[in-house]
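Enquirer: Below is a structure I'd like to ask you about.
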Amino acid sequence: MTGHRRRGCFAINSAMEMAASDGEVKAVVRRHFARVEDRLEAVIAEGQCSGELGAARSPRSAARRVIW
């Protein structure tokens, strides 16, 4: 890759590329991101409850902002 600057995660970039043309891959990628978003929402909610994170956004909104 000399002379080229690659950005991002190879696995994620590949999954997103395949999802554009393969419905089965798209469904798997969507399920994965939904699970990650759900878990991130829970962690953000815990942080808000403990006072470690501000509550300017709902946990779901904050999780979506990170993921999407």
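Enquirer: Have a look at Leu53, Leu40 and point out the one that is at pLDDT 95 or above, of a type in the set (A, V, I, L, M) and part of a loop (DSSP other than H, G, I, E, B).
Expert: Leu53
Enquirer: Could you tell me whether Arg35 is at pLDDT 90 or above and not in a helix (DSSP H, G or I)?
Expert: Considered against the rule, which asks whether it is at pLDDT 90 or above and not in a helix (DSSP H, G or I), Arg35 comes out as no.
Enquirer: Let me ask you something else. Can we say Ile67 is surrounded by fewer than 14 Cβ atoms within 10 Å (Cβ to Cβ), at pLDDT below 90 and in contact with a Leu (Cβ under 9 Å, 6 or more places away or on another chain)?
Expert: Against the criterion (surrounded by fewer than 14 Cβ atoms within 10 Å (Cβ to Cβ), at pLDDT below 90 and in contact with a Leu (Cβ under 9 Å, 6 or more places away or on another chain)), Ile67 qualifies.
The values are calculated or read from the model by the stated rules, or taken from the named source; none is laboratory data. Keep in mind it's a predicted model, so treat the numbers as computed, not measured. Using ideal geometry, Cβ is built from the backbone for each residue, glycine included, and neighbour counts are taken over all protein chains shown.
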